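The values are calculated or read from the model by the stated rules, or taken from the named source; none is laboratory data. Only a predicted model underlies this, so the values are computations on that prediction, with no experimental measurement involved. Counting neighbours? That spans all protein chains shown, and the Cβs are built from the backbone with ideal geometry, glycine included.
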Amino acid sequence: MTKAATLYGHRGAALHGAMLKRPAVLPVVVLVGLGVAACASARSQEAKTAPSKLMDTAAMVRFPPVTFTMGFDQGEPDETPTHEVTLKAFRLDRTEVTNADYRECVDGNVCGTATSLSTAGLNGGRQPVVGVSWYDADKYCRWVGKRLPSEAEWERAVRGSAGRMYPFEGKWVAGICNVRGTADGFESTAPVGSLPKCVSADGPVLDLCGNASEWTNDWYDPNYYTKAESMTDPQGPTVASGEKVVRGGSYLDPEFVSRGTSRHRLELNQHSNSVGFRCAADE
């Protein structure tokens, strides 16, 4: 796999379940036995409680209440106009959710599978899970007692108090984050935290630029920023658009797409092998 493709050209393939053959009609005594076995099987498929290590919020990065400028007037039309946003305190995962952690949710009979769990080059335990729908990203975060971040929370984590375009200080430097090209040393997703300079100043939160793009909780509306000059804890449009906002560039994208203000979108049930997620939590 190369980095020459774009975000929208790499949606994971649909996952298909195998059909089981039904047994022929059997004597009553055998059917009773099958009924017991079916009940036992159903119990084994019940949702399991998330491991405490995944539910712990102490390791998450805390962001205090803040008012910051969101958007970029020199960016794409859906990034404009800039506007003031006030957020209450919240917490954000330090890294993207990994394949190993997401597999716990699959094994716990809560989450559906993800493309990266079975795709060579993407399936390392410490690599970010990708090829997961918004529905399953939402299920995972709820399972561990958290939630998906709002679009405003995600941008605040990247831009910090200084209003940066990228999480790190200064202009773009090749190789500092895992984006398209070979300067960063990775052909596909990197194990989370592999590029320690790709870190937010206010946090620190890792890999907010590149590696995997990330689902947020907000519905996508290209004109949302034009509808209010000031917002307090915005949760996105109230009318469902059929698409959710995806933030941050990936290993397939150029640095321009990886800016902290850049907005993308996917339908809720779509999968992309460049889109993963991280969770947030209320303070």
Practice item. Give me the pairs, please: first residue somewhere in the range 260-276 and farther than 27 Å from Glu169 by Cα, second residue anywhere and among the charged types (D, E, K, R) and crowded, with 23+ Cβ neighbours inside 10 Å, beta-carbon distance under 6 Å, and either six or more positions apart or on two chains. Key: Leu268/Lys244
Check your understanding: Hey, does the range 117-132 have a residue that's surrounded by fewer than 24 Cβ atoms within 10 Å (Cβ to Cβ), touching a Ser or Thr at 6+ places or on another chain (Cβ under 7 Å) and either within 23 Å of Ala58 (Cβ to Cβ) or among the β-branched types (Val, Ile, Thr) (or both)?
Key -> yes
**Study point:** Selection status of Leu266, of a type in the set (A, V, I, L, M, F, W, C), crowded, with 21+ Cβ neighbours inside 10 Å and touching a Phe, Trp or Tyr at 6+ places or on another chain (Cβ under 8 Å)
**Key:** yes
**Study point:** Residues satisfying the stated conditions in the range 209-268, i.e. part of a loop (DSSP other than H, G, I, E, B) and of a type in the set (Phe, Trp, Tyr)
**Key:** Tyr220, Tyr251
Review point. Taking the range 120-165 only, how many residues are outside any helix (DSSP H, G or I) and touching a residue at least 40 places away in the same chain (Cβ under 8 Å)?
Key: 23
Review point. How do the pairs read when you match residues in the range 44-67 that are loosely packed, with under 11 Cβ neighbours inside 10 Å with residues anywhere that are part of a loop (DSSP other than H, G, I, E, B) and of a type outside the set (A, V, I, L, M, F, W, C), using Cβ under 8 Å and keeping only pairs 6 or more apart or on different chains?
Key: Gln45/Asn109; Glu46/Asn109; Thr49/Gly108; Ala59/Arg94
Check your understanding: Looking only at residues in the range 70-99 that are among the hydroxyl-bearing types (Ser, Thr, Tyr) and in contact with a Phe, Trp or Tyr (Cβ under 9 Å, 6 or more places away or on another chain), which one is surrounded by the fewest Cβ atoms within 10 Å (Cβ to Cβ)?
Key -> Thr86
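Residue-by-condition table, conditions (1) of a type in the set (A, V, I, L, M, F, W, C); (2) on the phi > 0 side of the Ramachandran plot; (3) under 12 Å from the mean Cα position of the chain (by Cα):
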site	(1), (2), (3)
Thr119	no, no, no
Gly131	no, yes, yes
Cys141	yes, no, yes
Arg147	no, no, yes
Ala152	yes, no, no
Ala162	yes, no, no
Ile176	yes, no, no
Thr182	no, no, no
Asn217	no, no, yes
Check your understanding: Which condition breaks for Tyr102 when tested against (1) within 30 Å of Asn223 (Cβ to Cβ); (2) surrounded by 18 or more Cβ atoms within 10 Å (Cβ to Cβ)?
Key -> (1)
Exercise for review: Please work out if Cys141 is out of contact with any strand residue (DSSP E or B) (no Cβ under 7 Å at 6 or more places or on another chain), crowded, with 22+ Cβ neighbours inside 10 Å and modelled with pLDDT of 95 or more.
Suggested key: no
Review point. Any chance the range 190-197 includes a residue that's aliphatic (A, V, I, L, M) and not in a loop (DSSP other than H, G, I, E, B)?
Key: no
Review point. Where residues in the range 187-209 are touching a Phe, Trp or Tyr at 6+ places or on another chain (Cβ under 7 Å) and buried (at least 21 other Cβ atoms within 10 Å of the Cβ), which of them is nearest to Arg247 (Cα to Cα)?
Key: Cys209
